[in-house]
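Reading through the structure tokens given below for one structure.
Here, each number is a calculation from the coordinates, and none is a lab measurement. This structure is a prediction, so every number in the text was calculated from the model and none was measured. Using ideal geometry, Cβ is built from the backbone for each residue, glycine included, and neighbour counts are taken over all protein chains shown.
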Amino acid sequence: MTAEERATDLGLEIPDFAVTPYTGLKYGAVRSHRRVGEVLYLSGHLPELPDGTVFHAGTLGESLTVEEGYAAARLACLNALAGIRLAVGSLDAVAAVIGSVNFVVCRPSFPDIHLVASGCTDLLRDVFGSEIGVGGRTTVGITALARGHCFETVLTLQVATGGLWGDQTL
Amino acid sequence: MTAEERATDLGLEIPDFAVTPYTGLKYGAVRSHRRVGEVLYLSGHLPELPDGTVFHAGTLGESLTVEEGYAAARLACLNALAGIRLAVGSLDAVAAVIGSVNFVVCRPSFPDIHLVASGCTDLLRDVFGSEIGVGGRTTVGITALARGHCFETVLTLQVATGGLWGDQTL
Amino acid sequence: MTAEERATDLGLEIPDFAVTPYTGLKYGAVRSHRRVGEVLYLSGHLPELPDGTVFHAGTLGESLTVEEGYAAARLACLNALAGIRLAVGSLDAVAAVIGSVNFVVCRPSFPDIHLVASGCTDLLRDVFGSEIGVGGRTTVGITALARGHCFETVLTLQVATGGLWGDQTL
């Protein structure tokens, strides 16, 4: 199975950034991605719904449970998948997830930020498979994100540069 | 207009790191940048004046206003521009801002870190123009930076590798 | 002297990830590294002992001294050196430390995170020498890491791609 087939199989509702643009654009002078050679650098992706609603605003260890944080991380990843499609035309152009940096808004001493970040990295594994979809990972508990968001992920990927996908990138 | 012409036009006072070295050198075993192929990795840049003064030390949502944070972010970016010149000889060697990771020291629940980070990314856009100067962006609210600094930015850029600029790099 | 010779000379006890795997594997869907061309992206490395013990759990400026934080940062770097060996076979395959991003769990207003991070970057300099081993650096004071860890480092390196080392990578 390809990544696009798995995404369909999982019933994922990946936004179409050609219709509802990357939400980061509202936050400042920013674009959703850059590609240099076979490395695709995605901008930070948030658990924001296409209508601009902040999903599970709040703080882990205070107003949010690990399950809510996990769901937010999964939504941020869903938005990142939309960013990948926008950048290279298809999830099938991904050769490898290089890594993710995951930021979790939490109280001091909250011990479970890694369980929250798995909402993102589990989805990457499920969509791309263990070989391609499991990359390096860093998870950091922080003080705040824009507009009360509880999670942000920054993905870097290796993508195919030739043939079908090579012409569709910046 | 080129980036160097825009920098002159904006009246930017970009430090010369050959005269007043990159301030990070005081903080540990660190260099201002590395370049691998066409990717220039800048070290973290702070809102520090050439004489070592910490500009707008403090915490957003507590002792500093958004306007002060914005000014600090702009100064950090000015220092990063000096880092670019040191690395590749001229701002005109920049082919694209790949992205910035911006750290803002703030109180919990401070909702406006993105407005602070725009002090950095607005300046990148103004110097390099929208095509080259607007890249990916991540902004994170954190607990502390060295010596009470309120902001740090980490830039990654695509730079020209051949001809005039190709010989001036590490 | 080569980096491997210096590591021996310093008496470093670098874990063997073929025997005691990269500890990050317990935290989620993650691998220790990816390599794309001559860039080696290491996953986040923690000050965790091979038996899974969290070394110097706690918070700088509260329960931990700068010296304890420094020792934790050094241990995280030691684990990263194990990650480098796993990825490219030998420390001698490293052409340059591109940079490190260092996260320090601390109280608000703690002024000395850079002194903590030097536990990592001093060791890189001592093992690889000043030319190769000193790269860009970013140090950020944060709220929490997984399981009470006080420090995490994320390293990016330039590595040799041809000859002896070229065949040993993913």
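Overall, chain C carries a charge dipole of about 580 debye about its Cα centre when +1 sits on the Cβ of Lys and Arg and -1 on the Cβ of Asp and Glu, all other atoms neutral.
Remark: mean inter-chain Cβ contacts per residue of C:93-104 equal 4, using a 10 Å Cβ-Cβ cutoff to other protein chain atoms.
Counting only alpha carbon atoms, the long axis of helix C:113-133 and the longest principal axis of chain C meet at about 10°. Note: relative contact order over the range C:1-59, using C-alpha pairs below 8 Å and six or more positions apart, is 23 percent. Mean-square fluctuation check for chain C, GNM, Cα pairs under 10 Å: which of C:R31, C:R137, C:R74 is largest? With Cα springs under 10 Å in chain C, the top fluctuation among C:R31, C:R137, C:R74 is at C:R31.
Highest GNM mean-square fluctuation among B:P50, B:P15, B:P111, for chain B modelled with Cα contacts below 10 Å: B:P111. Please label the shape of chain A as rounded, prolate or oblate, based on the square roots a ≥ b ≥ c of the eigenvalues of the alpha-carbon gyration tensor (a/c under 1.5 means rounded; beyond that, a/b larger than b/c means prolate, else oblate). Prolate. Across peptide C:20-31, the average count of Cβ atoms from other chains found within 10 Å of a residue's Cβ is 6. The mean number of Cβ atoms from other chains found within 10 Å of a Cβ in peptide C:146-157 is 3, as a whole number. If you sort the three axes of the alpha carbon gyration tensor as a ≥ b ≥ c, you get a/c under 1.5 for the protein assembly as shown, which makes it rounded.
Using the alpha-carbon atoms, what tilt in degrees (0 to 90, nearest 10) does helix A:66-88 show relative to the longest principal axis of chain A? Approximately 20 degrees, to the nearest ten. Comment: the Cα-to-Cβ extended label point of C:P50, at 7 Å, lies 5.3, 5.3 nm from its counterparts in the other copies, nearest first. Candidates B:A72, B:H45, B:V30 compared by Cα position along the dipole of the range B:26-133: farthest toward the positive end lies B:V30, with charges placed on Cβ.
In the range A:75-89, whose amide N lies under 16 Å from the spot 7 Å out along Cα-to-Cβ of A:T2? List them in ranges. Label zone hits: A:84-89.
Which GluC sites (Glu not before Pro) does the range B:19-91 hold that lie in a coil by DSSP with at most 15 other beta carbons within 10 Å? Within the range B:19-91, the qualifying GluC sites (Glu not before Pro) (loop, at most 15 other Cβ atoms within 10 Å) are B:E62. A label point on B:T2, set 7 Å along the Cα-to-Cβ line, lies at 4.4, 4.4 nm from each of its counterparts in the other copies, closest listed first. In the elastic network of chain C, a GNM with C-alpha springs shorter than 10 Å, the most mobile of C:D51, C:D112, C:D16 is C:D51. Is the shape of the range A:1-91 best called rounded, prolate or oblate, per the rule: a/c under 1.5 gives rounded, else a/b larger than b/c gives prolate, else oblate, with a ≥ b ≥ c the square roots of the Cα gyration tensor eigenvalues? The shape class here is oblate. Between C:K26 and A:V66, the simple spin-label model (points 7 angstrom out along Cα→Cβ) gives 1.4 nm. Calculated mean residue ellipticity, 222 nm, the protein assembly as shown: -10500 deg cm²/dmol, from DSSP H runs (n ≥ 4) at -39500 (n - 2.57) each, averaged per residue and rounded to 500. The charge dipole of the range C:75-170, taken about its Cα centre with unit charges on the Cβ atoms of Lys, Arg (+1), Asp and Glu (-1) only, comes to about 280 debye. Here the range A:69-87 is scanned for amide nitrogen atoms under 14 Å from the site 7 Å beyond the Cα of A:L10 along Cα-to-Cβ, giving A:71-85.
For the pair the range C:24-82 / the range B:3-23, the C-alpha centres are spaced 37 Å from each other.
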